[in-house]
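Every number here is computed from the coordinates shown, using simple stated rules; none is lab data. As the structure is a prediction and not an experimental result, all values here were calculated from the model. Neighbour counts are summed over all protein chains in view; Cβ atoms, including those assigned to glycine, are modelled from backbone coordinates with ideal geometry.
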Amino acid sequence: MFKYTLDNKRYHTLNYFFRNKFKGKVFKVALNAGFSCPNFKNKQGCIFCKHGSGNNLENISLEEQFELVKKPLDKKWPKAKYIAYLQANSNTYAPLLVLKEKYERVLKIDNVIGLDIATRSDCLTEEILDYLEELNKRTFLIVELGLQSSFDKTLELINRGHDKDNFIWAVQELKKRGIFVGVHIINGLPFEDKEMMVETVKFLNELKIDAIKIHMLYIPKETKIAEMYQNKEFDLLTKEEYIDIVCTQLEYLDSKVVVMRITGDPIKDDYLAPKWLEKKFCVLNDIDKEMKKRDIYQGDKVNP
């Protein structure tokens with residue numbers, strides 16, 4: 001069995017990581033703290049972004065949101081612990097006093113043992129980084145950075161609003177402070193081939209990241225990328241192509257990197273394609289089958 005799994009997977013699962021670190025069941029609870037994103041204001045957002053990321057519960061208090069998500073989990077896992085996940089948009093895009101007020105509030109909720117902050121590399125300042133360093137000494141802290149691609153020409157095409165160098169700076173500053181860093185990437189972005197997508201994983205290995213989320217590009221309605229797709233400017237990956245790319249990426253991904261996500265969760269009525277993404281567990285099972293068929297494990301190409 002692969003070292004970093006409890007689920008008979010061939011990659012480093014989040015379940016294994018949490019159970020090994022906290023010696024019990026741990027869930028992430030996704031929250032909307034009402035933050036925005038600099039890319040909405042300056043450049044109308046990334047071309048695949050419609051309403052921002054995360055849930056639409058920003059009009060409900062953080063405490064109420066937490067209870068809504070936690071309640072059904074309590075029935076099955078009454079002794080579980082929780083990590084508050086500030087998911088929606090860019091959760092360091094505000095004055096430091098605002099950040100402190102929201103972060104400290106969620107950390108006071110019963111059974112919350114950590115904080116996961118989703119943000120962007122261009123939404124970190126020295127002042128914020130220093131506060132995160134102090135926070136990291138008091139609780140388990142994850143900072144998730146959206147990258148999507150390691151190629152500047154792709155970042156410009158998707159209107160990302162920052163470049164590769166800015167991302168490198170952010171990761172280095174977080175790692176220097178001992179903070180656990182997760183990174184989001186997207187497979188199937190326009191005009192990228194398999195080699196480029198694998199290269200993004202190799203690039204992240206060099207930065208010594210701690211965790212990764214791998215997404216498949218999907219096409220939300222009423223977005224710039226929807227126009228491009230409908231105009232047949234690029235092709236989406238098939239399920240078979242996506243599985244092939246993910247399996248190869250995992251071979252090149254350091255085995256110590258936690259795989260927090262390996263496919264996407266589009267809102268069924270709010271996107272155009274690819275429809276095969278709606279069968280999430282089929283995609284996950286097919287990745288498992290393909291890795292077994294190839295007899296490969298995460299890190300085979302990089303770990304001795």
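Tabulated data
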| read-out | value |
| --- | --- |
| Extension gain, K289 back to K275 (0.36 nm per residue minus Cα-Cα distance, nm) | 3.0 nm |
| Gaussian network model of the chain, Cα within-10 Å springs - most flexible of V171, V201, V69 | V69 |
| FRET E, pair D193, E222, Förster distance 22 Å, beta-carbon r, rounded to 0.05 | 0.20 |
| Calculated semi-axes √(5λ) of the Cα gyration tensor in Å (choose from [x] 46, 20, 17; [y] 33, 24, 19; [z] 28, 24, 20), label | [z] |
| In sequence order, calculated HN-Hα J values of the stretch 176-182 (Karplus, 6.51, -1.76, 1.60; Hz; x Gly/Pro) | 4, 8, x, 8, 6, 10, x |
| Of K81/K224; K100/K213; K102/K202; K232/K279; K71/K102; K28/K194, pairs whose Cα-Cα distance is over 28 Å | K81/K224; K102/K202; K28/K194 |
| Extension gain from K137 to K202, taking 0.36 nm per residue of separation minus the Cα-Cα distance | 20.4 nm |
| Under the Karplus curve 6.51 cos²θ - 1.76 cosθ + 1.60, θ = phi - 60°, whole-Hz ³J(HN,Hα) for the stretch 29-34, x wherever Gly or Pro sits | 10, 6, 10, 10, 8, x |
| Relative packing of 286-294, 230-238, which averages over residues the other C-beta atoms within 10 Å, highest first | 286-294, 230-238 |
